[in-house]
Amino acid sequence: MDSPSNFRPRRDQSNFSFESVRDYFWDSLKTLVSDRIMPLLPVPASASGQGSSSASASAYKDKAAPRMNPSAAPLMFLPYRSKARAWQRVLQLAPFVLVLGFFAFVFSHFVYRSAPKRETLNRASDIYTEEAFLSTYGLTKQDLAGLLPAPRQLGQEKASLVMLVRNSELNDALKSIRMMEDRFNHHYRYPWTFLNDEPFTPEFINYTTGMASGKTQYGLIEKDQWSIPTHIDQEKVQKNMEEMVSKNVIYAGSMSYRHMCRYNSGFFYRHPLLAEYDWYWRVEPGVEYFCDLQYDPFTFLKDHNKVYGFVMSMYEYDVTISSLWDHTKDFIRDHPEYLAADNSLDFFVDGHSPSREGDTEIDGKYNLCHFWSNFEIADLRFWRSKAYTDYFEYLDKQGGFFYERWGDAPIHSLAAGLFLPKSQIHHFGDIGYRHPPYSRCPQDEESHTSGRCYCSRKEHFDDDGYSCLPRWWKVAGQSFGSGIKKQD
């Protein structure tokens, strides 16, 4: 046990730092030299010449002579009385040297064992990219996403961008994602939800995950939601399809198109991946967005008590929905409680007035106008409502998705236009958009002089002869950016 004179108090570990460790080892080294090594060395000759050698030795043995400061001169220059005495000191220091060497060997051994192998280093140039890394270890970006925290959403709403897409449409999907991210979503990082009637391929998942700024999720459509219901007469379906093909009706011979329209009409919002969201923005593969969106449209709709938003409106092909209006009138007659006052009936029936409180039916001839649903930003809670659920299930029993070729656009439009007040439907006139073969471009000067939009104001569908927007302006007014096309 150390004597009281050699006792040193334990250092305060609460103030542990690099500087405290450095000072501790430096003090220990000086103590080692002064207490252990210096007593083994001969006393230097007196600089003043006073005193005899025997007196100096006696004083040294009694520790009466002052010790040399180790920092005063290097140890290698200290004089020795004889070579034998020097070798004796070397042998006495040898154990300390061996112990230090042993610890240095052990430390270097563990460092070597933990270092990358040469073959690993040789492959370093092949795995520095994320794609090569994933390929080397047989992983996908979705696997990697499961190991890393999901990108932090910056937008404030419970919303998702939704795309119904096939694996074969990867390039068109990436085009839409890139434009949506550049124009809007990189500021908000809203999640992307991809839906498909077949499992997504690793290639599709890897590329779309890499392109998106927010979380990505991939859903498989249930078979009964993408197939012909049992109550449908398939012979009648085939006969009607052949007749429509003979009339050159677009998509007349496509069964997958009919499945898509039925799914978008009554099932997409029921997918478990969308259960946590209140809002969605429908994004189609191969579309273009021409303008930076400098606000959050989900927040805009919520704050202004809006439920449904669109950008383009047009006429539907009569032959594809020949019985839809009559079935809709029958449904309203059975459920007049769903008819909203001050709705958009005057938009669907020329010369008609909006429904009023207490109305129990609708009449007049449908003018075929609808909101083009390949772009829509809407409240999922409306589609989940009892009014819309009853409406879809009623229509689904009539078989018009297969006997004719009912589209989701007129069904969404009629439901929103009849079950909601007109004030809860919004036209995004400030958004530039293209879905082949049509496009629209904001007509105000500021959107173009500020650089917010890059599109030709001459290529503008709002006032085209096939557009229904002039009818909408008449009953609901114009929003910012809409209007008659102008010259660039």
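Some observations on this one:
- Note on ILE250, ILE228, ILE377: ascending count of other Cβ atoms within 10 Å places them as ILE250, ILE228, ILE377, the fewest first.
- With a threshold of 18 Å on the Cα-Cα distance, the over-threshold entries among LYS329/LYS365; LYS158/LYS215; LYS175/LYS306 are LYS175/LYS306.
- Within the shell of other residues whose beta carbon sits under 13 angstrom from the beta carbon of ALA341, the net charge comes to -3, with Lys and Arg scored +1 and Asp and Glu -1.
- A straight chain from SER385 to LYS175 at 0.36 nm per residue would run longer than the Cα-Cα distance by 72.3 nm.
- Distance between modelled label sites at SER246 and THR360, nm, 7 Å Cα→Cβ extension: 4.4 nm
- Modelled this way, with points 7 Å down the Cα-to-C-beta line, the labels at ASP318 and GLN238 are 3.1 nm from one another.
- Fewest-first ordering of ARG282, ARG405, ARG270 by other beta carbons within 10 Å of each residue's beta carbon gives ARG270, ARG282, ARG405.
- Separation in nanometres of the label points that stand 7 Å from Cα toward Cβ, at LEU93 and GLU337: 10.1 nm
- A Stokes-Einstein calculation at 37 °C with viscosity 0.692 mPa s, built on the Kirkwood radius of segment 161-284 over Cα pairs, returns a diffusion coefficient of 204 µm²/s.
- Sorting MET241, MET312 from the fewest to the most surrounding beta carbons within 10 angstrom yields MET241, MET312.
- Fully extended contour minus Cα-Cα distance, from HIS352 to ASP278, at 0.36 nm per residue: 23.3 nm
- Computed over segment 316-454, the ratio Rg/Rh where both radii use C-alpha atoms and Rh is Kirkwood: 1.01
- Modelled FRET efficiency - R0 22 Å, SER135 with THR201, Cβ distances, 0.05 increments: 0.90
- Backbone N within segment 186-212 under 15 Å of label point (7 Å from LEU154 Cα along the Cβ vector): 186-191, 212
- At full extension, ILE484 and SER456 could sit 8.8 nm farther apart than now, given 0.36 nm per residue minus the alpha carbon distance.
Computed from the coordinates by the stated procedures, all read-outs in this text should not be read as laboratory data. Owing to the predicted nature of the structure, the values given are computational and were not obtained by experimental measurement. Don't worry about glycine lacking a Cβ; one is built from the backbone with ideal geometry, like all the others, and counts go over all protein chains shown.
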